[in-house]
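Notes follow the structure.
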Amino acid sequence: MHKFDRRAEWIWRRRGLGEIPFSTASPRLVEETNRYVYFRRVFDLGALTSSARVAATVSADGRYQIFVNGQRIGRGPARCNPAWQYVDPYDLTPYLRPGRNVIAALAHSYGRHTAWYELPSWEHVRAFGCGGFFFQGEAITADGVSRLDSGEDWRCLDSSAWRRDVPSGSLGFIEIYDARLAPEGWTDADFDDSTWEWAEPLRVPGRNYAGDIVPFPVMIPTDIPPMTEELRRVEALIRVAEVENAPSDAASADIAVLFQQEALIDLRHCRVENSGSANRGEGVVITTTDTHSVSLVFDFGCTQPGRLQFDVEGPAGAILDFTYSERLHEDGRVHMHRGIPGFDIFPAHRLILREGRQTWEAFELSGFRYLQVTVRGCQRPLRLHAVRLNFSAYPVQRRGSFTCSDETLNRIWQVGATTLRHCMLDGYVDCPSREQRQWLDAYVDSLINYAAFGDPHLAAKLLRQVAGSQQPDGITMMVAPGDFSVMRFTNIPDFCLYWILAIDAYLDYVGDLSIVDELYPSVVKAIGWFERHLNAEHLLTDVPHWVFVDWAEIDKQGQVTALNAQFVAALNTAARLARIVDAPRDAARFERLRAAVSTAVNALLWDETRGIYVDARRGGVLSRRISQQTNAAAMAYGVAPIERWGRIFSTILDERRLVLTRFGAAQPDPVPFDEAQHVVLAQPFTMHFLHRALCAAGQHLTMIDNIRRRWGPLIADGDRTFRESWQIIELTSLCHAWSGTPTFDLSSEVLGVKPLAPGFARFQVAPHPGDLPWARGVFPSPKGDIAVDWRVSADRFDLNVRVPPGAQAEIILPDLNGMAWTVILMDDRAYAVDSPLLAAPGIHKVSAFWTTPD
């Protein structure tokens, strides 16, 4: 990672900073909690010739918005570990004008860890607390170069528009915003900022003549593009009602409590006009009374990430309370999602209007489908011109595609891609709604991305940030970066192994071998952590922390079979990486260890009587519980001998024996589990590995049928994103990236495209039609898009494939009901039935016949 060469100062509001005592206290941290600060820098460009340009680099401790001459041009920084603070590049030139110009910024300090933000530490936090803004730029004109760097010549104002003493959770703070207290037009060049104070540089003397203390000693250029933004209107206004105001003063009441207490009733006291115009310019006109308010419920169609925006015209002091969620109560109110108990809060916010028409947008990004807005204090009419979502997500193009003869599968592929799209923010987040953390189940997310979008950058960022979370003992954190990475209250060891497997996939699908030198030392340390938990039998035993495997009631005590099988796969990757960095002794050690653990799993965790791998073994006693998760891992990770697969599948694919279990002891058990008869059903996450096992065994039709059986009902119910688990409980997110695995499965197995060499320098096209007569699609690759189109007819199989420049395709014809090919043609040239079909760059046509063609 290249260190940014900084010249500018970090700045914040003026506090009279000075030398810090030798102590552990951080008194300034509390002072800066939930604080918003405005910044401005005015400069003159004169006549502004065509050669003028302004380039800049921007960052903040927290989050910022940056404006030039009244136009917002960006936000940031992307989530990062403060030890490697991101700085964002901007070209300000398109926004400049002759004469007076202004750069304006709004920065927010948090004063707490969040799902995507980590507080600074070391001397930084003791000297400055948190909060800070950084701008390094220069204007190049015909008159020379003028520096615009942040420093004492920038103006700042502590905002009073946002109330600071509000509830907060892992997604940040409740926003209670009073537009009457905001400086109107503060981003414009002609705004008078003469009463604002001068900013204070964040720099104090070091201890005992050491260098000065400054924020973020290491700053690095951001390695992903800025998020895309797109205004999306509501799809429907689904409820117009009024509520009887709670007895307490609504202006000071807990907003979440109001939404809980105020029942929706038909309009009798208030007036709502043009309710059918929620998506049209004339807007909805609302009049309330002293005793009743109007509540509107909007539907955005599916769970989406973005920032809520109101275009509203009304009297000063009118209130818009709003909350959002992925689902509704039976009475039509929004079902507020509290997230993870103990970490999160109900998202209930407030906008207080100034007089007239105004557009306001939430500072923080949220994920939701349904929005409830309660309008209060409008004895004069209020006109809600528009309610929008400023959709914001990682910028990708849907390069990949999949279409076949089964429309249900087509819809499943599309919804899987959309689900992932809505979970790709400034990191692979598990869900945009509940928590927005970058968990390491993102291994599956990255694979779906390779099939649907082909983006390499977000995966590379993930791999580096997980390495940055590594603890001194070698384990990486289950979330990185963010609150769960630094709180260290628990960890998921299997997610460390997924990180290693994600490196393996990155090499295959992206081909960037340079990352191996960077990450290999961390991989060795991580493997060492697991090695210390091997017992004399060569099995991981009593591994500490939260062994996850899946959201299911499987046995995870003692020697956990799925975890040991996953360790075997990670050792295989470690050996591969060792060979790449020319460390043959490491590679040999990892291979010996892999063989030893694999042998132990097969000898000690296999129940020969039942013909199955048990979930775990404790004290030398095999668990009675068996699951799809455990046995899929044993096969998918190459541990189970092929001769055992038939017995395994006969058990774990028996629908009469499969049972959907609860997440944990606190939830009701859907079906009493009989360990003598039942098999735990895999949840969407571990269905990925069941599908790998099925395809390794050549049971592609079974995989296709499983996709239809498990995901088909979700499509039939109208779901436009896939949920976290088959059942829905209070905690369940309804847009969860790991559930989109069919998108990867259909592209890689049915369409049949897989890399054989890093970055698709060589790749395989091996279609598996199952019961499908045709399929076509595109699989993205670093070399270019790979287009495949195949069709099965009465006596032949036809395949068209486009091989991108710099690549070679190995074509493998499908085994269709055991039929033997008699004639094979590629580009009108005959090939022996046992000859390899190798295709150079270009478009190729392959035809295979069971009988001799005319």
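The one condition from (1) charged (D, E, K, R); (2) open to solvent by less than 10 Å² (accessible area, probe 1.4 Å); (3) at pLDDT below 95 that R398 does not meet is (2). Selection of first residues in the range 731-743 that are free of Cβ contacts under 8 Å to residues at least 60 places away in the same chain and of second residues that are open to solvent by less than 10 Å² (accessible area, probe 1.4 Å) and polar (S, T, N, Q), restricted to Cβ pairs under 9 Å at least 6 apart or on distinct chains, gives the following pairs, ordered by first then second residue: T732/S725.
Considering only residues in the range 96-111 that are touching a Gly at 6+ places or on another chain (Cβ under 9 Å) and modelled with pLDDT of 95 or more, the one that is nearest to F173 (Cα to Cα) turns out to be Y110. When F391, F363 are checked against the criterion of being on the phi < 0 side of the Ramachandran plot and in a loop (DSSP other than H, G, I, E, B), F363 stands alone in meeting it. Taking every residue in the range 200-226 that is buried (at least 18 other Cβ atoms within 10 Å of the Cβ) and pairing it with any residue that is among the polar types (S, T, N, Q), at least 6 positions away or on another chain, the pairs with Cβ-Cβ distances below 7 Å are F216/Q85; M219/S59; M219/Q85.
Let's see how each residue does on (1) modelled with pLDDT under 95; (2) of a type in the set (S, T, N, Q); (3) more than 25 Å from D705 (Cα to Cα):
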| position | (1), (2), (3) |
| --- | --- |
| A775 | no, no, no |
| V792 | no, no, no |
| L799 | no, no, no |
| P804 | no, no, yes |
| N817 | yes, yes, no |
| T822 | yes, yes, yes |
| S835 | yes, yes, yes |
| I843 | no, no, yes |
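Being within 16 Å of T303 (Cα to Cα) and open to solvent by 30 Å² or more (accessible area, probe 1.4 Å), is that true of even one residue in the range 374-388? Within the range 374-388 (the criterion being within 16 Å of T303 (Cα to Cα) and open to solvent by 30 Å² or more (accessible area, probe 1.4 Å)), the answer is yes, since at least one residue qualifies. Filtering the range 828-854 to residues that are over 18 Å from F763 (Cβ atoms) and part of a loop (DSSP other than H, G, I, E, B) leaves D828, A832, V833, D834, S835, W850, T851, T852, P853, D854.
To keep it simple, each residue is scored yes or no on (1) β-branched (V, I, T); (2) out of contact with any helix residue (DSSP H, G or I) (no Cβ under 9 Å at 6 or more places or on another chain); (3) touching a residue at least 40 places away in the same chain (Cβ under 8 Å); (4) farther than 19 Å from Q566 by Cβ.
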site	(1), (2), (3), (4)
V601	yes, no, yes, no
E608	no, yes, no, yes
R617	no, no, yes, no
G620	no, no, no, yes
S627	no, no, yes, no
A633	no, no, yes, no
P641	no, no, no, no
R647	no, yes, no, yes
T651	yes, no, yes, yes
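On the basis of being open to solvent by 10 Å² or more (accessible area, probe 1.4 Å) and in a loop (DSSP other than H, G, I, E, B), does R437 make the cut? No: the conditions fail for R437.
Just so you know, in the range 583-610 the residues that are touching a strand residue (DSSP E or B) at 6+ places or on another chain (Cβ under 8 Å) and not in a helix (DSSP H, G or I) include one that is surrounded by the fewest Cβ atoms within 10 Å (Cβ to Cβ), and it is D607.
When the criteria are applied in full, Y509 meets the requirement of being at pLDDT 95 or above, touching a strand residue (DSSP E or B) at 6+ places or on another chain (Cβ under 9 Å), under 23 Å from A757 (Cβ atoms) and not aliphatic (A, V, I, L, M). Restricting the range 37-56 to residues that are crowded, with 22+ Cβ neighbours inside 10 Å and within 31 Å of the chain's Cα centre (by Cα) leaves a set whose member that is farthest from D143 (Cα to Cα) is V37. Picking from residues in the range 725-737 that are of a type outside the set (G, A, S), out of contact with any Gly (no Cβ under 8 Å at 6 or more places or on another chain) and open to solvent by less than 10 Å² (accessible area, probe 1.4 Å), the one that is farthest from A452 (Cα to Cα) is T732. Considering only residues in the range 661-682 that are at pLDDT 95 or above and part of a loop (DSSP other than H, G, I, E, B), the one that is nearest to V568 (Cα to Cα) turns out to be A682. Counting residues in the range 614-623 that are open to solvent by 70 Å² or more (accessible area, probe 1.4 Å) and on the phi < 0 side of the Ramachandran plot gives one or more.
For every residue, the table says whether it meets (1) in contact with a Pro (Cβ under 9 Å, 6 or more places away or on another chain); (2) among the acidic types (D, E); (3) surrounded by fewer than 16 Cβ atoms within 10 Å (Cβ to Cβ).
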residue: E262; (1), (2), (3): no, yes, no
residue: L267; (1), (2), (3): no, no, yes
residue: G283; (1), (2), (3): no, no, no
residue: F298; (1), (2), (3): no, no, no
residue: P305; (1), (2), (3): yes, no, no
residue: A316; (1), (2), (3): no, no, yes
residue: I319; (1), (2), (3): no, no, no
residue: S325; (1), (2), (3): yes, no, no
residue: V334; (1), (2), (3): no, no, no
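Look through L409, L501, L458, L507 and report the one residue that is in contact with an Asp or Glu (Cβ under 9 Å, 6 or more places away or on another chain) and either open to solvent by less than 30 Å² (accessible area, probe 1.4 Å) or without any contact (Cβ under 8 Å) to a residue 12 or more places away in the chain (or both).
Being in contact with an Asp or Glu (Cβ under 9 Å, 6 or more places away or on another chain) and either open to solvent by less than 30 Å² (accessible area, probe 1.4 Å) or without any contact (Cβ under 8 Å) to a residue 12 or more places away in the chain (or both) holds for just one of L409, L501, L458, L507, which is L458.
Would you call A127 farther than 14 Å from S109 by Cα, buried (at least 16 other Cβ atoms within 10 Å of the Cβ) and out of contact with any Gly (no Cβ under 8 Å at 6 or more places or on another chain)? When the stated conditions are applied, A127 passes them.
Y443 meets the stated requirement of being touching a residue at least 60 places away in the same chain (Cβ under 8 Å), out of contact with any Asp or Glu (no Cβ under 9 Å at 6 or more places or on another chain), under 28 Å from E518 (Cβ atoms) and among the hydroxyl-bearing types (S, T, Y). Any residue that is closer than 30 Å to G317 by Cα, open to solvent by 20 Å² or more (accessible area, probe 1.4 Å) and assigned to a strand (DSSP E or B) - is there at least one of those in the range 139-156? Yes, some residue in the range 139-156 is closer than 30 Å to G317 by Cα, open to solvent by 20 Å² or more (accessible area, probe 1.4 Å) and assigned to a strand (DSSP E or B). Restricting the range 755-797 to residues that are polar (S, T, N, Q) and farther than 17 Å from K845 by Cβ leaves a set whose member that is surrounded by the most Cβ atoms within 10 Å (Cβ to Cβ) is S781.
Taking the criterion of being out of contact with any helix residue (DSSP H, G or I) (no Cβ under 9 Å at 6 or more places or on another chain) and within 26 Å of D344 (Cα to Cα), the residues of the range 700-747 that qualify are Q727, I728, I729, E730, L731, T732, S733, L734. Pick from the range 538-572 the residues that are surrounded by 23 or more Cβ atoms within 10 Å (Cβ to Cβ) and of a type in the set (S, T, N, Q): which of them is nearest to L507 (Cα to Cα)? The residue in question is Q566. Could you say which residue among S194, S170 is of a type in the set (S, T, N, Q) and surrounded by fewer than 17 Cβ atoms within 10 Å (Cβ to Cβ)? Within the list S194, S170, the selection yields S194. Tallying residues that are of a type outside the set (A, V, I, L, M) and farther than 18 Å from D745 by Cα within the range 759-817 yields 20.
The values are calculated or read from the model by the stated rules, or taken from the named source; none is laboratory data. Computed from a predicted structure; not experimentally measured. Backbone-built Cβ (ideal geometry, glycine too); neighbour counts: all protein chains shown. Only protein heavy atoms, including side chains, enter the accessible area calculation; ligands, DNA and RNA are left aside. Shrake-Rupley method; radii C 1.70, N 1.55, O 1.52, S 1.80 Å.
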